[in-house]
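These notes concern the structure reproduced below.
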Amino acid sequence: MSGKIITIMLGCALLTTTVQAKEHPGKEQILKDGYQGPKTCEVCHPGKAKEFLGTVHWKHASKADHVDNLNHKEEHGMKNRIYTMCNGNDIVNNLKEIPPNAAGKTKFSGCNTCHPGDHTIDVGSTGPEAEQSIDCLICHSTKYDFRKRKIVKDDKGNVVMTQDRSTEAAANIGRPSIKNCMVCHEAAGGGALVKRGFSMTKEADVHVSKGIICVDCHQAKNHKIPTGRDPNNWASDGIYMTCVGECHSEKPHKDAGINKHTAKIACQTCHIPRTGGAFSKDFTKWEKMSNGFYEPSTLKREVNETAPVYAWYNLTVSNTPHFIGPKGSRTDGKSKIYPFKLFQGKAYYNKKDGQLLSMDFAPPMATGDTLAGVASAAKILGIKDYEPVPGWQTIYFGSNHQVAPKGKALGCANCHSVNGVLNLKELGYSAKEVEKLTTPEIYFEKLLKLQQENE
Amino acid sequence: MKKALSVIMVVVVMFLASFTVVRSASAEEVKITGVITKIEMAADKKSAIAVLKDNKSGESVTITITDDLTLDKFKDHRIVDGDEIRTKFEKEGDKNISKMFKKTAGC
């Protein structure tokens, strides 16, 4: 590792420690006056609440011009998408009290439980009331008491998400820590580390082990968060990030031969060799859990337990009822080979038009009746002409976290061997090219020298 | 004769040793799912015990937790009494030491 990178990483670690340890300049004032929600923040940060209402974290949707078969004039995202990792969305699976199960028990459930509002002011709402309903502290406080964030019914019967607006939580604010981000991002898709299967711990990610936190890479500008280019993450704040920038150059390796790879191979391909989490779900058959409620049948793996698949990706997305994944090829001049977490989900399709149907989770959660869930969602969406038939959908999730330490990144022989991790034939190489790319002639001398140095 | 006896002894010892290792590695790891009935942090906050009511047996199982990530979730109450947990633990002496401790619920 170059001295420059070590210096930057140490700098990041020091900065992180300093920032986290530094007290918020308004702490004394907050302790004196107490906290009254966003209007307290706005004394020093005017306009920030209104600004936040325009972000994906609030709207759960944005335009997604890079995705096929969408109306590009409309916004798409968790608010309204239908796919088979989450067969519901904020509209059909809006937070609500589900019907009683066989034991007469009920509970609250819904996709928008992570929305940083109070639910009565919901996803994508605007105006002064919406601004004042923002839960600033859930992202910015290190002393948030999660006993105070709970779902209750108010005296009018509305389902409300309460917040911790205590002076103590407000007095301990700063840049969001890993914990603040993972409060929501850890449990997406139906449980801990299920959806993308990445864990932001020092054991699982080399960046975290160096003291780097989420917002060091996802550097927000006016509450807009830059993201990578996961083909299954459609909504964005319109700003994207790559590995190349403050920390890594376009030629990050000492070895010029390895640097040549960066023209066609994404950094993640070698440096994120494993993935994890759920790899298959069946929304047509729900399992009865020991608490008497039902959940979609899910096959899961631990963090770093699964091998990724590799494909050419030009940062545009193929979106059909049975496939969501990268577009690209060897020859388009734009694509690189990226790693993906492969997921396959089963759900109901409309036999009449071939489109994937959505599901309201409340009925199947109580009784296991998945068709009742489809019927409820169809009613909410105004779909009358449908005939549900089961079918499978394949989804490629971007594999952009779980960066391995240098020694565990893929090396020459991992790809350039006959049984290597890349399926070169499927990636568009001819038999003759595959033969040429998988001879030890390419790497033998280099690896022998490395082996001798390490012995 | 002496050499043959030594070889037999070595083989027997190795066989017994491997049996012991395999037995302890496979027999002591336990996975359960259950609802938390009690969480108690140690005075130094470096460990905690959680009592889970095993969904299958209905018995109470006491788990010792030492990893920072889970302890932090106890401290800020992201994990509280009544939450359903999937856990993997190993028996070490009279303690069940947690190796994985996750809420089953998600959105």
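The values are calculated or read from the model by the stated rules, or taken from the named source; none is laboratory data. On a predicted model such as this, the values are computed, not experimentally measured, just so you know. Neighbour counts are summed over all protein chains in view; Cβ atoms, including those assigned to glycine, are modelled from backbone coordinates with ideal geometry.
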| note | Here the residues within region B:54-85 that are charged (D, E, K, R), surrounded by fewer than 17 Cβ atoms within 10 Å (Cβ to Cβ) and part of a strand (DSSP E or B) are B:54
| Being without any contact (Cβ under 8 Å) to a residue 24 or more places away in the chain and within 14 Å of chain B (Cβ to nearest Cβ), is that true of even one residue in region A:245-257? | no
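Inside region A:189-208, can you point out the residues that are at positive phi and more than 10 Å from chain B (Cβ to nearest Cβ)? Show your work before the answer.
Going through region A:189-208, the residues at positive phi turn out to be A:189-191, A:193, A:197.
Hit for region A:189-208 is A:197, nothing else.
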| message | Out of everything in region B:29-78 that is over 14 Å from residue B:100 (Cβ atoms) and basic (Lys, Arg), what residue ends up being nearest to the other protein chains (Cβ to nearest Cβ)? | response | B:78
| field | Long-range neighbours under 9 Å by Cβ, at least six apart or interchain, first residue in contact (Cβ under 8 Å) with a residue 24 or more places away in the chain and within 22 Å of residue B:54 (Cα to Cα) within region A:282-303, second in a strand (DSSP E or B) and of a type in the set (Lys, Arg) | value | A:294/A:288; A:295/A:288; A:296/A:281; A:296/A:285; A:298/A:281
| message | Quick check on this structure: which one of A:224, A:281, A:254 is within 22 Å of the chain's Cα centre (by Cα), charged (D, E, K, R) and farther than 29 Å from residue B:85 by Cβ? | response | A:224
| task | Name the residue, out of A:31, A:70, that is modelled with pLDDT of 95 or more and over 25 Å from residue A:393 (Cα atoms). | result | A:31
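Before we move on, is residue A:353 under 30 Å from residue A:95 (Cα atoms), in contact with a helix residue (DSSP H, G or I) (Cβ under 7 Å, 6 or more places away or on another chain) and modelled with pLDDT of 95 or more? Reasoning before the result, please.
Working: under 30 Å from residue A:95 (Cα atoms): yes; in contact with a helix residue (DSSP H, G or I) (Cβ under 7 Å, 6 or more places away or on another chain): no; modelled with pLDDT of 95 or more: yes.
When the stated conditions are applied, residue A:353 does not pass them.
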| task | Mind listing just one residue for me: the one in region A:111-146 that is modelled with pLDDT under 95 and within 14 Å of chain B (Cβ to nearest Cβ) and, of those, surrounded by the fewest Cβ atoms within 10 Å (Cβ to Cβ)? | result | A:113
| query | Does region A:384-417 hold any residues that are surrounded by 14 or more Cβ atoms within 10 Å (Cβ to Cβ), in contact with a strand residue (DSSP E or B) (Cβ under 8 Å, 6 or more places away or on another chain) and either without any contact (Cβ under 8 Å) to a residue 40 or more places away in the chain or closer than 30 Å to residue A:442 by Cβ (or both), and which are they? | reply | A:386, A:396, A:398, A:399, A:402
| Which condition does residue A:167 not pass, out of (1) more than 26 Å from residue A:80 (Cα to Cα); (2) crowded, with 20+ Cβ neighbours inside 10 Å; (3) β-branched (Val, Ile, Thr), if it passes all the others? | (2)
| query | Name the residues in region A:179-198 that are within 14 Å of the chain's Cα centre (by Cα) and under 28 Å from residue A:28 (Cα atoms), would you? | reply | A:181, A:183
